[in-house]
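Computed from the coordinates by the stated procedures, all read-outs in this text should not be read as laboratory data. From a predicted model like this one, the values you see are computed outputs, not experimental measurements. Backbone-built Cβ (ideal geometry, glycine too); neighbour counts: all protein chains shown.
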Amino acid sequence: MNNYPSSLVIGELHDDLTKKYETHVASVETAWRSFDENRRANCIKAGAVNRAVLKHSLDTSLGEAYKITPEWNLADLTQPSSNFLLDILKHRSTKSLYDQYSEGVNGTAGDSEFVQRMTRGKSPRRDSLCNCYTLFIPDRYGESIEISPEHVRDVMANFTTLVQRGLLIPQSLGELVLKRQTALLQYCKVAIENILCEGSVTGEESQSSKQFKSPAKEQTVKLTLAEVIASAEDRKSSFEEYLSLLRTESTVLCPTVNAQLYRHPGLLPDEEGRFLPFYEDKCIGAAIFETIHQGIQGIAIWESITGLLNLLQNPSLDKLYKATILQELSNMCHFEYTRTQTIYKQQISTGMGFKWFKRLSKVFADADNATIVLKGDPIKLTRKDPHLHYLLRLCQHKNNALEAVEWMEKLSDLYTAHPLEREKLFERENRTICDMTALIAFLQDLSSVFLLPSPSWGKGHLFISRLQDIRIELHQLKKGVDQRTLVPSIIGLLAPQKAESALEAIDKYVDEKTGTKMGFLYQDEVKKMFQDLQEQYRQTKDKLDSDGEAVFTFVDNAPYDPAELVKSRREKEKTRPPHSSVYVITPVPADIIEKEHTPSPEMLKVSPTTAGIFSTLFDRSQPRRSVSWKAFEAAMAELGFSVLPRFGSVYTFRPPESAPIKTPICLHRPHKSQIEGHLILVLARRLNRAYGWSESSFEAV
């Protein structure tokens, strides 16, 4: 059985369009009927690449588009006397995919008959799809099957009825049907968004925008050091839980690796418009490697930040040691901001900001990574496209974390005034915006507790230099990862045991090359960094000059001979205790995972609605449904949690004073404000780790 990729997403795409249409149909119809031809054309063009749309149904300027979706053209859609677009929206939103397959808008040919006519007199079958067929029945819609040549006659005899009714067709035709339906569903979805945006420019909305105050600006609560430490612990916990999900849930690993592929430098043109070759099958292994590496690196960074903050709690800390710790902390925070911003920029550069970036063919960043830069000044977009303007501002290296607060606030204001702007982002872009938001919010809180020294390349470099050394060592290894035989495609990660096998292969590969596993490289180094920090302080204090000024003494960290380093790591592996570690990348026994989590608290009595929400989050015995972000907020509020929004993308939930566990938790608002798919798993695990909640923790009263 082989599912053509379109069949995996078309159902979700149709469900999303249906929800959007049901919510906004009245506003869309009213606005569209009031638009003149120019405003209608603007709505249609706004959602197209380079604003290129067919001028009429026979327009060949856009290649094959006139064959696949000829009805999506300006001549037929934008005439003020025509409501053809509203008919298309209604048909594609309210009719099932099966019904659309059989019948078109206003009784015209369905998608099946349309494709049959389009290919009549041609030979659409490709050799690679010989004996491959696609089903178009309600419970197996878009599912493709491959039949062995020797069994074709017998199998097709059993499917005679489906063949006669046109519900089982050659896969070459099936792909065209799915391609047409997917395209039209996407067009309709974007059209609804653009119509709402075009129709929302009213005096009333403008006035409400002026009166709105950014949640970030309203945040004036001064935090204590203990609260900042709790926030850092929560960041570390989020990375630990995410790595745990990556190693145990293929449905989390697969989309994360897919997003990682969009960071490939070959997707951006260089100064002369040239692209690097990009072959998905060759890049998957490196993408899996880097996905896991980022998770481990995040844990190590936040364990370092948390540890440094804990040292600052000591009331007897002398000035020299405190100054040393603060410099290390400042450098670590800058290091994490640069790392997070780099990932953010890479995702924006292959998404909304594609036209604004180029790759420098002869300039490389650290660890031999390609350098990407802005092609112009974002200020040109101030009026034309403020959304993209703010996104690009956050990409600029000249902004430090606290300077970025201004642009994050503006972005938050925009999303509050125009919520549909957020939906223009890809999920991968939204995720990195949330990561940037959470980090900037944390650094803003930290700055209210400590006046950190400026980042320095001359001192306080113990932590970041060690972490950077490991990153470079692993980057060199990444080039040799090849998992084409094990995982030939992204979808292959969802096959039984494939994800686990891929991670085990990476673990083995790193062990062979370095003498230990990827996670232990970081775990051991973090432990050693704190030991060396103490030793550095001791040596520095012993060498105070006659004026009482410290002469900083750096712990010798000269490079070892590579062979000797690998040998010493192997020796350490022999004495490593067998207990589980948050740094491991391969699945661990379920009983060990259970022991790591917080014990389940007493039963919480809640309303039936709230009980249903948490049942959806925690019950794994049934297919997972989605939960709206507003419903989740309301459920947490019912439990006494206060909800503090930060820049509109990240929310801090603080337990009530009566709660046995008072640790706050910081959560990302999901794309399109719907918690669904693998995000439900992520949220459930975060809540379980923080508060010990499970499905049995809630009783409806």
Query - Mean residue ellipticity (222 nm) of the chain, computed from DSSP H runs ≥ 4 via -39,500 (n - 2.57), nearest 500 - result: -18000 deg cm²/dmol
Query raised in the report: Using a cut-off of 18 Å between alpha-carbon atoms, which aspartates and glutamates can reach K574, once sequence neighbours fewer than 8 places away in the same chain are excluded?
Result: D507, D511, E512, D524, E525, E564
**Report entry** Gained length - S361 relative to L58, 0.36 nm times residue gap less alpha-carbon distance
**Finding:** 105.0 nm
Report summary line: Placing one equal point scatterer on each C-alpha of the stretch 466-523 and summing with Debye, one gets log10 I(q)/I(0) at q = 0.13, 0.21, 0.24 Å⁻¹ equal to -0.38, -0.84, -0.97
Query raised in the report: So how strong a dipole does the stretch 5-201 carry about its Cα centre when Lys and Arg Cβ are +1 and Asp and Glu Cβ are -1, to the nearest 20 debye?
Result: 420 debye
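Listed here are the pairs K189/K478; K20/K55; K90/K179; K410/K459; which of them are more than 31 Å apart at the Cα?
Check vs 31 Å cut-off fails for K189/K478; K410/K459.
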Query raised in the report: What aspartates and glutamates sit close enough to K67 to cross-link, taking a C-alpha to C-alpha distance under 19 Å and skipping anything fewer than 8 places away on the same chain?
Result: D59, D76, E103, D111, E113, E175
Requested in this report: Could you check the simple spin-label distance between A75 and K380, using points 7 Å along Cα→Cβ, in nm with one decimal?
Outcome: 3.4 nm
Report summary line: Out of A157, Q497, F335 - ranked by how far each Cα lies towards the positive end of the dipole of the chain, with unit charges on the beta-carbon of charged residues - the top one is A157
Query raised in the report: According to a simple spin-label model (label point 7 Å from Cα along Cα-to-Cβ), what is the distance in nm between V25 and N399?
Result: 4.1 nm
Report task. Can you give me the three principal axis dimensions of the chain from its C-alpha atoms, in Å, biggest first? Result -> 93, 68, 65
Query raised in the report: Length gain on complete extension for the stretch D619 to S456, per 0.36 nm per residue less the alpha carbon to alpha carbon distance?
Result: 53.8 nm
Query raised in the report: How far is helix 608-618 tilted, in degrees, relative to the longest principal axis of the Cα atoms in the chain, given as a value from 0 to 90 rounded to the nearest 10?
Result: 80 degrees
Query raised in the report: When you count, for each residue, the other Cβ atoms within 10 Å and take the mean per peptide, how do 412-422, 157-167, 344-354, 605-615 rank with the highest first?
Result: 344-354, 412-422, 605-615, 157-167
Query - Listed residues Y133, A75, S27: farthest to the positive end of the dipole of the chain (Cβ charges) - result: A75
Query raised in the report: Can you give the angle from 0 to 90° between the axis of helix 280-311 and the longest principal axis of the chain, with both taken from C-alpha atoms, to the nearest 10?
Result: 40 degrees
**Report entry** Percentage relative contact order, the stretch 5-201, counting C-alpha pairs under 8 Å, at least six apart
**Finding:** 29 percent
Report summary line: Taking the alpha-carbon centre of each part, the distance from the stretch 10-46 to the stretch 165-184 in Å is 25 Å
Query - Length gained when the stretch R140-K67 is fully extended (0.36 nm per residue, less Cα-Cα span) - result: 23.6 nm
Query raised in the report: Between T119 and F275, what FRET efficiency comes out of the Förster formula 1/(1 + (r/R0)^6) with R0 = 30 Å and r the beta carbon distance, rounded to 0.05?
Result: 0.40
Query raised in the report: How many angstrom separate the Cα center of the stretch 669-689 from the Cα center of the stretch 612-633?
Result: 9 Å
Query raised in the report: Residues in the stretch 461-501 near a label at K513, defined as backbone nitrogen under 14 Å from the 7 Å Cα→Cβ point?
Result: 470-483
Query raised in the report: Could the peptides 427-439, 256-268 be put in order, highest first, of the mean number of other beta-carbon atoms found within 10 Å of their residues?
Result: 427-439, 256-268
Report summary line: Ordering 184-192, 630-638, 79-87, 335-343 by per-residue average of other C-beta atoms within 10 angstrom, highest first, gives 184-192, 335-343, 630-638, 79-87
**Report entry** Helix axis angle, 225-248 relative to the chain longest principal axis, alpha carbon, degrees
**Finding:** 50 degrees
Report summary line: Treating only Lys and Arg (+1) and Asp and Glu (-1) as charged, each at its beta carbon, one finds that the stretch 414-477 has a dipole about its Cα centre, in Debye to the nearest 20, of 160 debye
**Report entry** Separation between Cα centres of the stretch 74-110 and the stretch 457-504, rounded to whole Å
**Finding:** 47 Å
Query - Anisotropy class of the stretch 223-596 from Cα gyration tensor, a/c 1.5 cut - result: oblate
**Report entry** Nitroxide proxy distance, nm - points 7 Å out along Cα→Cβ at S148 and M603
**Finding:** 5.5 nm
Query raised in the report: When only Cα pairs under 8 Å and 6 or more residues apart are kept, what is the percent relative contact order across the chain?
Result: 14 percent
Query raised in the report: For the stretch 604-700, what is the largest minus smallest coordinate of the Cα atoms on each principal axis, given in angstrom and ordered from greatest to least?
Result: 34, 30, 22
